[in-house]
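I have placed the structure first, in the form of C-alpha cells, so that the comments after it can refer back to it.
The values are calculated or read from the model by the stated rules, or taken from the named source; none is laboratory data. What you are looking at is a predicted structure, and each value in this text was computed from that prediction instead of being measured. Here the Cβ positions follow ideal geometry from the backbone for every residue, glycine too, while neighbour counts run over all protein chains shown. Ligands, DNA and RNA are stripped out before the accessible areas are found, and what is left, the full protein with its side chains, is counted by its heavy atoms. Shrake-Rupley method; radii C 1.70, N 1.55, O 1.52, S 1.80 Å.
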Amino acid sequence: MRAQTVLMLGGAGFVGHHITARLAADGHQIRIPTRHPQRHRDLAVLPGVSLCRANIADSTELTGLIKGCDAVIFLCGILNERRKGDFRQTHVELPRKVIECARRAGVHRILHMSALGADATNGHSQYQLTKGEGEALVHSAAGMQTTSFRPSVIFGPGDAFFNRFAGLLALTPLAFPLACANARFAPVYVGDVAHAFAHALHDHTTIGQRYDLCGPKQYTLKTLVEYAGEVSGHRRAILPLGGFASRLQARLLGLLPGKPFSMDNYLSMQRDNLCSGPFPALFGITPSSIESIVPTYLGDQDRSGLYSRLRRKVV
C-alpha cells in the first residue's frame, strides 16, 4: 500500500480524529487545516500529521493546501444551523469550492462524508436535502474520482450521541421526555467508519460508489437512550412523546444555545436511519456492536475508577 498525502477537511472533529489516527498508523501524511491548531495538540503528536492554521473558506488558501496531495477527505457537516443558510454553505457550497480548488491544484480524488437519508429531492429536513445535494455535486463533478459514505448515527469515544444522552439523563431527576422515541437507527462504530475510509483511499474500485454504513443491529431511539442510562449509571424512566409534544419540544429546544434538539432534527427522524443491507463486504470487516464498545467509554464507574460490567443486555 503506497503512502499518500491527504488533506483532511473536518479532521479536528470527532470522526476526523479517528480517521486521522487510522491513516497515520497506515503511514500516510495528513494535513489538517484549522483556525486554532493549539486546541488539537493531541493530533499533532501523531506521526505524519501536520496542523495548518488556515481559513478553508479562502479559495487561495484552500488551493495551496490541496497542492501536492493525493486526495482530499471531506468530513465537514453540521446538525443544526446557527444562521439561516448554514446547511447550504457547509454541505453544498463548501464541497463546490473544494472541487474548484482541487481542479486548480491538479488533485482528482475525493472521499466524501455524506449521511444516511441524504436526498437532494425527497429529504425530510434541510440537513438531508443539503447533504444529498452536496453528495450529488461531488459525484457529478467532471474529472473527480469520488467515493461517498452514508453512515447511520456514529458512536465511539468522544461521540455526541451516547455521551450527550448520558449527560442529559444525569441531569434528569425523574422521567426523561423523549421526542421521536420510535425512530429507528443502526449505530455504526467510528472505528469501522475510519476503516472504510482508509480502505477506499487505496482501492480504486470504490471510485464512483456510495456506501451505506450501519452497525449490526437496529434499535429504537428509546432503546438507545435507555442503554445510555444503564451503562452510564443514570437509569431513568423514559417518557415517549407523541407527535404534537415532539414537535413542541423541538421548537422550544431549538431556541436554546447549541440547539440540543431542533425542528430540523425532528424532521430528519421522520425517516428511519437504517441501511438496506449489511456493512459492505468489500471492506472486509464485521461491524462492531454498541454492546462491545460503548461500555468501554461510557461505563458506570465504581469507586476505584474502573468500568463496571454491563448488567443486562439491551433488547
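Things to note:
- Some residue of the range 211-228 being among the hydroxyl-bearing types (Ser, Thr, Tyr) and without any contact (Cβ under 8 Å) to a residue 12 or more places away in the chain: no
- Looking across the range 186-218, the residues that are of a type in the set (A, V, I, L, M, F, W, C) and open to solvent by less than 20 Å² (accessible area, probe 1.4 Å) come down to Ala186, Val188, Val190, Val193, Ala194, Ala196, Phe197, Ala198, Ala200, Leu201, Leu213, Cys214.
- The range 143-165 residues that are of a type outside the set (Ser, Thr, Tyr), paired with ones that are modelled with pLDDT under 95 and open to solvent by 10 Å² or more (accessible area, probe 1.4 Å) (beta carbon under 6 Å, 6 or more apart): Phe162/Leu298
- Residue within the range 281-299 that is modelled with pLDDT under 95 and surrounded by fewer than 18 Cβ atoms within 10 Å (Cβ to Cβ) present: yes
- Residues being more than 17 Å from Phe176 (Cβ to Cβ) and surrounded by 14 or more Cβ atoms within 10 Å (Cβ to Cβ) - total across the range 219-259: 3
- Failed item, numbered, when His108 is tested on (1) open to solvent by 50 Å² or more (accessible area, probe 1.4 Å); (2) closer than 23 Å to Val188 by Cα: (2)
- Count of residues meeting criterion [open to solvent by 20 Å² or more (accessible area, probe 1.4 Å) and closer than 27 Å to Gln218 by Cα] in the range 137-154: 3
- Residue that is farthest from Tyr127 (Cα to Cα) [pool: residues in the range 241-270 that are touching a Leu at 6+ places or on another chain (Cβ under 9 Å) and not in a helix (DSSP H, G or I)]: Leu241
- Against the test of being within 21 Å of Ala102 (Cα to Cα) and either of a type in the set (A, V, I, L, M, F, W, C) or modelled with pLDDT under 95 (or both), the options Ala170, Ala179, Ala166, Ala142 yield a single qualifying residue, Ala142.
- Residues in the range 205-231 that are within 15 Å of Thr172 (Cβ to Cβ) and either in contact with a strand residue (DSSP E or B) (Cβ under 7 Å, 6 or more places away or on another chain) or modelled with pLDDT under 95 (or both): Lys222, Val225, Glu226.
- Residue ID - least open to solvent (accessible area, probe 1.4 Å), chosen from residues in the range 43-63 that are within 19 Å of Phe197 (Cβ to Cβ) and of a type outside the set (A, V, I, L, M, F, W, C): Gly48
- Top-ranked residue of the range 76-94 - restricted to ones that are touching a helix residue (DSSP H, G or I) at 6+ places or on another chain (Cβ under 6 Å) and closer than 21 Å to His124 by Cβ, ranked as surrounded by the fewest Cβ atoms within 10 Å (Cβ to Cβ): Ile78
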